Every structure is written in C-alpha cells, then in structure tokens.
Number of protein chains: 4
Amino acid sequence: MSNNAEQFASDNYSGICPEALEYMLQANLGSAPAYGNDEWTQKAADYFRELFEIDCEVFFTFNGTAANSLSLAALCQSYHSVICHETAHIETDECGAPEFASNGSKLLLAPGENGKLTAQSIESIVTKRTDIHFPKPKVISITQSTELGTVYTIEELWQIKEIAQKYQLKVHMDGARFANAVAAMNKSPAEITWKSGVDVLCFCGTKNGMALGEAIIFFNRKLAEDFDYRCKQAGQLASKMRFISAPWLGLLETGAWLKNARHANQCAEYLENQLLQIDGVEIMFPREANAVFVKLPEQVIQNLKDKHWQFYTFIGVGGVRFMCSWNTTKARMDELIKDVQEAIA
Amino acid sequence: MSNNAEQFASDNYSGICPEALEYMLQANLGSAPAYGNDEWTQKAADYFRELFEIDCEVFFTFNGTAANSLSLAALCQSYHSVICHETAHIETDECGAPEFASNGSKLLLAPGENGKLTAQSIESIVTKRTDIHFPKPKVISITQSTELGTVYTIEELWQIKEIAQKYQLKVHMDGARFANAVAAMNKSPAEITWKSGVDVLCFCGTKNGMALGEAIIFFNRKLAEDFDYRCKQAGQLASKMRFISAPWLGLLETGAWLKNARHANQCAEYLENQLLQIDGVEIMFPREANAVFVKLPEQVIQNLKDKHWQFYTFIGVGGVRFMCSWNTTKARMDELIKDVQEAIA
Amino acid sequence: MSNNAEQFASDNYSGICPEALEYMLQANLGSAPAYGNDEWTQKAADYFRELFEIDCEVFFTFNGTAANSLSLAALCQSYHSVICHETAHIETDECGAPEFASNGSKLLLAPGENGKLTAQSIESIVTKRTDIHFPKPKVISITQSTELGTVYTIEELWQIKEIAQKYQLKVHMDGARFANAVAAMNKSPAEITWKSGVDVLCFCGTKNGMALGEAIIFFNRKLAEDFDYRCKQAGQLASKMRFISAPWLGLLETGAWLKNARHANQCAEYLENQLLQIDGVEIMFPREANAVFVKLPEQVIQNLKDKHWQFYTFIGVGGVRFMCSWNTTKARMDELIKDVQEAIA
Amino acid sequence: MSNNAEQFASDNYSGICPEALEYMLQANLGSAPAYGNDEWTQKAADYFRELFEIDCEVFFTFNGTAANSLSLAALCQSYHSVICHETAHIETDECGAPEFASNGSKLLLAPGENGKLTAQSIESIVTKRTDIHFPKPKVISITQSTELGTVYTIEELWQIKEIAQKYQLKVHMDGARFANAVAAMNKSPAEITWKSGVDVLCFCGTKNGMALGEAIIFFNRKLAEDFDYRCKQAGQLASKMRFISAPWLGLLETGAWLKNARHANQCAEYLENQLLQIDGVEIMFPREANAVFVKLPEQVIQNLKDKHWQFYTFIGVGGVRFMCSWNTTKARMDELIKDVQEAIA
C-alpha cells in the first residue's frame, strides 16, 4: 500500500520521525510493566521537569483533543466557563469534547486579531455577565502557536497573566504546536509557560514527529490532584505506556523536538517568501510559526486541487493554509510554488 | 534503559509482535491523510468485514477502556443499566469509565460460576426491578474469554442470546482476549459473535501484540449511527490513524492474531499442567484460554515475589494469576515452575 | 413579612393565580399516591391531549430550565448540536443546563431580527460544517413567544418546519410564554405546534400563574421513550406530583391559562401605547405578546430605579424591558407611566 | 376529584400540613423578586442557621433526589466514589441520579445490620482497592433515619466521623426523614450533624409536611463554593422560590417540623405495639422512627391489598412497611390493625 508524498494539509499527515521511531524500537525489546510503571515513562516525565525547570506533574494522553478537554475539565466544573478565541481548536475542531469531558462547561468566544485573545477581549467577557444564570468564567485557554499560525509574544502573555490574576482565572495553553512556538520565539519553555502564568500546558507530540501522544504538564501541581484517575476513567491511560513515553524521550533527549519545529518553521518562511513573490498571492496573517495562510484566486485553488495538492481552504474568502512539518522538503515546496505560479499565469 | 524479561503479570506487559511492527514501519513511509482517511484504515476495516463474514461497521479507539465505555454508551442512555458479571473488567478495572462515557448508566452485577453470566442470573436482575426509580436494563455485557480465563461455550452464548431477545436487551462483548477465545473454541469469529446474538464487539489489539489499538465492531449497524462523532468527542479519533490500523492489518493479514493467541493459550496449558504436578498447587478456575489461576500457599507467593516474579494476587484467598502472552517462552515458564517447586519444597 | 406591589421585572415575580390556587387546595384534601399515580395528574395530562387535539405524551417538571434541557437531551446525543437564536433563553439564561443535561451538546447560535430564527439562518448553520470535527446539528429550538416579546407567525413556523424536514432536524419549542403566543395569534394550540412541525413543547405554567411547574408535551411520541426515567434521574419527578398537576388542571379547566395570557398581553399593549405617547421613548422590538421593550434615556432609567421600580435593563443600549403578567394592574401601569413622564420631563 | 384517606404506603402520600400551607398563602400576597431574592428565602435560610447553631450555607431544591445527587456531586469528581449502605435510597431508588449529577461517580455498597453503615464496613471498602483502576472513595453517605426505619446513635455517628477523618472522606447525610431522627433521639440538630462530622445535610421538607422542597445545608462552607450555579444548571433553581422557602419557614417558626415528626413517630410506636400483640406478626427491624417493618403471612398481605390498603412489600420475604406521617390518625391505624387481626384469624 502506498502512502502519499509530503503534503501541506496538516502536520499530522507526516509520519514518525527517526528519533521517535528509534526510541520506540528500543522500548520494544523485552517486556515492561503496564500503565506507566516503566522506566521510559519515568524518564520522559523527568525530562519534562528538567526542560521546564520546575517540578511539574506530567501525564500522557493519546491525543490532543483528550489532553485539552481533560485538562480543561480539571480546571473548572460543569457550571463554569472557558474563555477562548473564536478560532480556537477546542471550539471549532473538537466536536464538543471540552463540553463532554467537563459535563457541560461552556466555551465563551472572544474575537481578537490574528487568532489571539487580548486582555481587553477577555475582560470584556468576564465582566459581561456576573449573575447566576450564566456560567462563571474560570479558565482562559490560549493556543501557542495559534490556529492562524501566529505566536503570542511574551508581552501579550504577561498581559493575559495579569487579567487572569485580576479575575482569578486559570490559564490553559493548547500547545498543539508548542515546539514551533518555542522555535519561533527564542525563549525558554519555562519563560513562555509557567513564568508567564500558564497553569497547564498540553504539549503535542503527534504533530512534532510522533505516531501519537500528548504530554499534559501541570505547572500548578494542586490542579493535578487525582488527574491520573481522570485520565484512566476517560479511556486515556495506555496500558503499554512505554510506546508513548519512549518516543517522547526520543524527541526530548536528542533535541529532535526543537530541530523538527525549527525545520517546519523555516520551511514555512521559505514557502511564504517564495509565494509572496508571485503576483496575486496575498498573505492573510503574519507567518510566525509553521503555517502559511495566503489568499489565492479561486481558480488557482481549484487548479492546485486538480493536481492533487492537499491543503485546507476557507470557503468564500479565497484563503488556503499550507502547513509545514518535520518532513517537509524543499523539493516539494518548489513543486508547489511552481504549480501556483503556473496556475496564476 | 532496560525492559524486563517476559513476565506473567499481564499480556499488556509484552511488546509489539513482529508482524504488527512490520506493518507499522511500512505505514511510516511517506505521508498519509489524517483521521482514518488513509488506505491502511480502509483496508483494515475491510479485513474485519471479511473475517467476520458480514458488512459490519468498524471503528478504532486507542484502548479497551474507551472501546468498552463508548460502545456501551451507544447502546444505552444515562438512565439505563448494563448487566455484567461481578468480576467484569468494566466494573472492576475501568475506574467508572462506563458510567462516565454514558453520563451515569449503572452497572448491575450478577454472580455466576467461573466468571460467566447465565441466562438465569440475567433474568433475575431484569425482573427484580421494573419501576421508574431504578435504571432500566438495556444491555448485557459479556467478556470473551472471561476475566477468570474461562470461555463461554456456543450453547451458553445462545442461552444469553435468547434471554436478550426475550427482554429486548442488546449484547456487548468485551473482547479484551477475543483472539484467545477464538483460538480456544475452534469456532469462526462470526459464529461466536453476531451469529450468537452479539451486537457489538470490542476486539483488543493491544493484548494480541500491538502497541495499542482496539477495534469496535458493530454487527448491528443501526447502533453505529454517528458513532464516529462519539469517538471524536471522547478524544478517541487518532489523527495519524494509520499507526493503529496498519498494525491491525499486520495482525490480520498475516494470521498473527490467531497465531499469537494460540501460542499464549498453549503456554497457559503447559504452565497449568506443570504446576498441577506440584503438590500444594490447586487450580481455581478451568484453564480455557491464556490465563492460569492457581492457589498457592502464602509463603510461596511471597517467595516468588522476592525473586521478582510479577503476577496478580488475590488477597486473602491465596490465589494468583499467571497470564501468558504472544511472547511467553518455555524457558521462562520452566524457570517459574522451578521456582514454585523450590518454594513449596 | 411583606411582598412587593406588582412589578415589571418578570412574570415570575407574580404569585399564584386564584384558579391554580383553588385546585391546589382541593388537591390537598386527603392523601394521594405519589409520583404522579394520582387522579389529578391523569386528568391534567388528558386535558393537554384534548387541548392539543392529539394523543401526545405529557410529563411534568418543576421548572423551565429542566423542561428545556431534558427535552433537548431527548432529541440529541452529546455529539450533536442545537440551533437556536443568539438571544435564546437556553443560551443566555440557563447556566449551561442544556449542555449539562445532554452531557455536552453544543448550542449553535444564529442571528435573526426580533429574536426570531429564519429558515435561512438555520440553513446557513447546518451547511457551514458537515465534518466529524464539529457537532452535528440535530435540533432547532425556537421560543414562542420569543425572548424579545415577538411572536413567530404561522408562515414563519412553516418555513422552519420545511427546513427541519429538509435536514432531518427535530423541532423544540420553548414555551416559557406559550400561552401569551396563543393569546396573541388567534390560532389553536395544535396549529402553532405539531401542525407546524413542533416535536416537543415545553409549556410553562409558572409564568402563567402557577407556583411552579412545567408541562413537557411530546407530539412525536417516539421521542418520549423512557422519558419518565430521564426525569426521575435528573431529579425532576415530584413525589407529591398532584401539587403540580392539580394547579395545571385549574389553569386549563377554567380557561385561566388563556385569560391570564390575554390579560398580560393587553396590559403590555396598553403600556406600550401610553409610553409611546411620551417624547423620548422609542420601541425596540414589535410588541406582540406581554413584554414591552423600549429605549429610555439613561437618567430616566436611573430615576425609575431610584423610585424602586423593578425591570430588566440592557447595558449600554439604554433599553429596558417591562414585562406584564396575569396580575398586572392598570393602576400600577399608570403609576409607572406617570413616573416615566416625570422623569423625562 | 377525590383523594384517598390516609394510607401507610409512604409519607409522601400525605398532603401539605396547615402550618406550611398558611405560610404559602401568606407568601402569595403580592409579588416578590424571583430566584430566591425575596424575604421569605432570606428568613428561612437564617432560621436554619439558628436551628443548627452555625453559620451554614443553605440552598433549596425541589426534591430529595436532586438534593442528594447535587450535594454528592459537590463532594466528589466523576472518578471518585461514594460509600453507602446497600439499602441506601441513593442506590436503590434514585434511578442513577447520583451517577448522572456527578457524571459517573460510583456508589460502593456496604452491608450493615438494620440499614446502618459501620466504621468497619466503611474501612473495609476504603482499603479494598487503592489503585488507579478503581474510583477513589471520597464520601460516606448515611441516611438518618435510615431506609429501614432505624436511627444512627450518637456513638455510631462518632465512629463514622472518626473513620471519615482517618481516610479524609466527606460525610453526607440523607435527611429524607431527618426530622423523625431528631424527634427520636432527643438530641439537638447540631449534635447529630456537624458536631458529629456531617459536612452536608439534605433536610427533606416534603415528607415533613410540605408540598415539595428540600433544604441542602452545608456545614462545611468551603464545599458550597458556587453551589448556587450547580443548582441553577441542574434545573433546581425555582423562579418563584418563595413558595418553597415560605412553607419551610412555616414548618420551622411554628415548630411544626418537630411536631409533625413526633406525631409520625408516636403513630409508628402505637402501630407497632398493637401489631405485635397479634399472633403471627413479627418485627423485622427495630422501630425507631416513623416506619414499622413487619413480617406477615402472604395471604394476610394479599387480604390487606384486597381491602385497598396501600403499603410497600418486600417480595419473597413476607415483609411489609407501614409508614406513618404527620397526618396519620389513630382511627385509620385501628382500622388497619383490625384488618390485620381479621386476616390472620
């Protein structure tokens, strides 16, 4: 059976990177205790504590939807609410998973340029309703890097931290592309998380080069009380946990997590630069991580599809998203660029 | 880092079998569409339809807790109940996952020899309460092979089918060790599932030799309506689905699923035979699949633990469970047997 | 202890009307079987069947939040969604009750003039997302009369019915002020419910003159399967049910339900007419039932509050809602009008 | 329409007692702010604080199922469990309400003579499982007086308090017949609740003489955080709250709560004494509150039913429950006794 050549639809079209695979194969030698009571899991968790320079609590789930929804559920009760951007993945692409995991918490949607919440948009939601007939805001959820390929600056994170403290809100970070944010910002993981007020981070391994697996990192340890039970009950405790934790260790120990992210970011930068040299191509949002959002004439989009290019489109606005990954190649980007050029010409 | 030598604690201590691994590696060449829109997933699902000789609906989840709880939730509403054996995994080892996934369905526990429900025990529960103040029974859940290492015979399955029809109950089969049951019974998968009244089967790949992955097979297709949404919402839709479906295909196409199960069953048979030749060892339940339950004197149990043997114990009754797997070796069994002999002597 | 004079804050500030009270007192003579197995409950349910000219299923709950959320939960699963107007009570004033009762169903908000959904706004939501990553629409919820005091015409209901059929959606009607709609439309209850495609109606007794109590009326009987269990599990089965059903019978048998609604509507009409004769008062939405929404200068609003008038305000827009009820008096309206006049002058 | 003469089926067959009714009628004069912002509600809550001699948090719900399930949900998360007696109402007669309200908390059933948990039976459950695969015990729920008509002594309560503290469990008291327990024990409400380690009490007004209404009393105020939101979301916030709180005030201020309970207890005592003088009648459990459990020959039971007596039976054991209430009369008891005598003779 044949898989495809690299595509630009999503970074989850890519396979397992060599470093993750190697550790997975090593973990497969012999038997190991189940449910995370193995050495790989212990070591991976420890590595996260080292990477984030804090004694955090670390849990592994199978995917990002589970990581986000279970961690949000740990931060609020069913009659509370979560403030997020109107383009947040938890709102638009998780099929109501946060509402399900929390048994009813409402997501309150805020606008904001370039996919980013602002202190002002958050405050406006918090103060809009304070009566018992509407769910009480308890959590701010931000995505870093955002669903629109942008990155919250340290200053923006601090403003959110301030507003969170003012209204006693917890801060959840959806790190579906957290590695890309770190690569983009030239800041330490600690600086852009707990030092910036983040209580819990969902760090995605899948898009970073693993077969599957997410790390949930509670910087605020009190919020992690009995979280292992929560994971188990929600069907998120892997019996052969080592096949999630060993690849994580592979990414971390070898530095592949950052190397992969840097590569994807650089590819996106190259792709953007090349595309912008073509007349008729317009950038939609600042390209700050591994995604390029551009406007293309409708017939160009159709033409690319006819040539079997895969990417996300935004109906009506003529926009497309090209997502780069750890295995994106210059050759494929050049093919894509050439096809765009030809379609436009 | 070192993993252990083969153990007898659980079949989920074992790693990935060669066939599953080979397919996973093949699936890793190149990119592939996410969320199951890849060829591996299509082909694995088709293979299940062939294997079960019926046009069933097939879904994949990450683990068995999720498979059981989501499929049960599809068969009943929160105010309904599920009849299961008092030793059923869904009751004793899933941390309330069925109650969580269904938003409150109650498990009604029935006794029964050797871990098996009987038509009589089911009927007694169904007829005990029929008023609105107690959840209405809607589902019978049976485990094949059972948590006590026994196997429902075709006759027993048929009696349960009859009682299910009499009271309009759905039948759910927890197939954590379904392959072992097939290997033990010398019946086709179709015969012991939908031909015996099973509406939905959770077929476990993890214990059968995969890194992780469960197939949920709806023989009753109507019950599968929108089940894909249910999986997605519950955090059980893998983005890189091929890494679950390709290993499944590996197990199925190569016949490894049955080979692995037969091997485990045969190991259990050997182990049982050898242990029973030792004075002071008593069998607890008929050994019919890949588990051996024996009573041992307390000091023997302690002695084995001191020698770092891993197995499950049943406090107070002097019972232990030795579980065999696809990678159990005669050499390790002989070591274990020798240590039991020495400890008793 | 003193209660207040009649107010304009909400129709739930009013007490029990004489007819409801009289039946409640009658029901209090002697003992009666619990949980609805009494004659009052039987007779009230029968009366609804007569009133709606159809063999519907009738259930009673304590309040409207419960009636709405439980009936919506009966129409959809957690991974489905409910389309409603952005001003719908289920969205803005039930603290996430629908999400809680359904274990996560999302409300999809549509705009629409005067608080009314249109076929177009519904279709636009239904067709916007059809992939598995977003909850599948299953229900349209409309409020009759609406939260903005307007009333869906028969033609509008029929357009919604058509779109519901086109996309296989169920139709839920929040009848918090259903009686007022009937009074306003000069149509039979049957015509504006099941003959117009409504599957289930939540008919509010509290605002119509009872102490408390809501009737849930399933015109589509299949949707009511085991709904009695759902009510019980959700804490909505009254043990002394007669004290809900007898007052309902009182409202229905005596015709008070319609008399009360007509009175409230007429009061609103009078109030609107008088207010509009005052310079500086502007109507916000067509006054079609028992609510008057007007814009008033901020200092006028403050002035009224200083005089202890109670009403709802809409921050920033200078709008206020005056709600009339079964016990609104001309004298109190005239006092209010006089105070508005004075404040403006 | 006719209600029945007083019966012995349940204390919820009785109507509204005069004191509760009088206050309800007073509360019906004029209008009042909704959702509990009225004087009656404030005063009733204050009265509870006085009665219990502590600054507790007081909430009102419509019925006992809601009160129990919502307060339990406030004490534990979905992956926690509640220890209760196997005859507890929350297990046997609430249709899975606790599991629903908590989104999955499991009830762990303990045996115990006369319907009472013991420190030993609790400890045995707490220590049985301490792994992540089984819900973690968080709450002990006791019913006072019990479902079998018995009463926990102060000493028994203190033993439970000790075990709760030892294992950091919260204590929930189902006070469906709390007034009867107070009447039976000659102890103050404070002594048998928070001074005995009870964190939250569900105090039932319905069985004590109201039309409906339950008070949830959090002695441990921290556990009540945002509980008002929980009630609202669960459809348990009455808009015309005064019709629950005013009758409560009527019961409390007039002393009717205790008078009613004493009367019911004394009736039960009389009934027991008379019945025991009949040959062939055997007591089943110590009669300590307002219920009499006796064994009667099957044909006697049938005979009573033929004469339209209403009571609960326990299939197979020949047991019946006669429940006395605030409106039980000596005349009706004498009729019953006479019919039992005749049937036996």
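The values are calculated or read from the model by the stated rules, or taken from the named source; none is laboratory data. Only a predicted model underlies this, so the values are computations on that prediction, with no experimental measurement involved. Every residue, glycine among them, receives a Cβ derived from its backbone with ideal geometry; neighbour counts consider all protein chains shown. Side chains included, ligands, DNA and RNA excluded: accessible areas come from the protein's heavy atoms. Shrake-Rupley method; radii C 1.70, N 1.55, O 1.52, S 1.80 Å.
Using a label point 7 angstrom from Cα along Cα-to-C-beta, what distances in nm, from shortest up, separate B:Leu223 from the other copies? In ascending order, 2.6, 3.9, 3.9 nm. Heavy-atom accessible area, probed at 1.4 angstrom with all protein chains present, ranks D:Glu147, C:Glu155 as C:Glu155, D:Glu147, highest first.
Just tell me, in residue order, which DSSP H segments of chain D are both 15 angstrom or longer along the helix axis (alpha-carbon based) and at least 1.6 in mean Kyte-Doolittle hydropathy. Span-like helices, by this rule, are absent here. How about D:Lys222: which lysines have a C-alpha closer than 16 Å to its C-alpha, ignoring those fewer than 8 places off in the same chain? Partners within reach: D:Lys138, D:Lys170. Across A:Tyr167, B:Tyr229, the residue with the most accessible area heads the list, and the full order at a 1.4 Å probe is A:Tyr167, B:Tyr229. With contacts taken as Cα pairs under 8 Å at a separation of at least 6 residues, chain C carries a relative contact order of 25 percent.
With Cα atoms defining each centre, region B:25-92 and region B:220-264 are spaced 5 Å apart in the structure. For the pair C:Glu50 and B:Ala345, a Förster radius of 60 Å applied to the C-beta separation gives a FRET efficiency near 0.10, rounded to the nearest 0.05. Placing a label point 7 Å from Cα along the Cα-to-Cβ axis, A:Phe314 is separated from the same position in the other copies by 3.0, 6.1, 6.8 nm, shortest listed first. With a 1.4 angstrom probe, the accessible area lost at the B-A interface totals about 5000 Å². The mean number of partner chain beta-carbon atoms within 10 angstrom of a residue's beta-carbon across peptide B:241-249 is 2.
Go through D:Val198, D:Phe227, D:Ala184 and say which Cα lies farthest out towards the positive end of the charge dipole of region D:151-241; charges sit on Cβ, +1 for Lys and Arg, -1 for Asp and Glu. Of D:Val198, D:Phe227, D:Ala184, it is D:Phe227. For B:Lys307, the lysines whose Cα falls under 29 Å of its own Cα, not counting residues fewer than eight places away in the same chain, are A:Lys43, A:Lys240, B:Lys207, B:Lys295, B:Lys330, B:Lys338, D:Lys128.
Accessible area per residue for the protein assembly as shown, computed on protein heavy atoms with a 1.4 Å probe, is 34 Å². Ascending distances from the D:Asn4 label point to its copies in the other chains, with the point 7 Å along the Cα-to-beta-carbon line: 4.3, 6.2, 6.9 nm. Partners of C:Lys305 within straight-line reach, counting aspartates and glutamates whose Cα lies under 17 Å from its Cα and excluding those fewer than 8 residues away in the same chain: C:Glu6, C:Asp334, C:Glu335, C:Asp339, C:Glu342. Taking each DSSP H run with n ≥ 4 as -39500 (n - 2.57) and averaging over every residue of chain B yields -12000 deg cm²/dmol at 222 nm.
I'd like the distance between the alpha-carbon centres of region B:267-345 and region A:133-170, rounded to an integer number of Å. Each part's Cα centre sits 55 Å from the other's. Other residues lying with their Cβ under 13 Å from the Cβ of D:Val171 contribute a combined charge of +1, Lys and Arg counting +1, Asp and Glu -1. The rotation axis taking chain B to chain A passes closest to the C-beta of one chain B residue; that residue and the distance in whole Å read B:Phe62, 2. All other residues whose Cβ lies under 10 angstrom from that of A:Cys204 are scored, Lys and Arg at +1 and Asp and Glu at -1, for a net of -1.
I need the shape label for region A:174-283. Rule: rounded when a/c is under 1.5, else prolate if a/b > b/c, else oblate, with a, b, c from the alpha carbon gyration tensor. Cα axes put region A:174-283 in the prolate bin.
Of the listed residues C:Arg321, B:Arg129, the order by accessible area with a 1.4 Å probe, largest first, is B:Arg129, C:Arg321.
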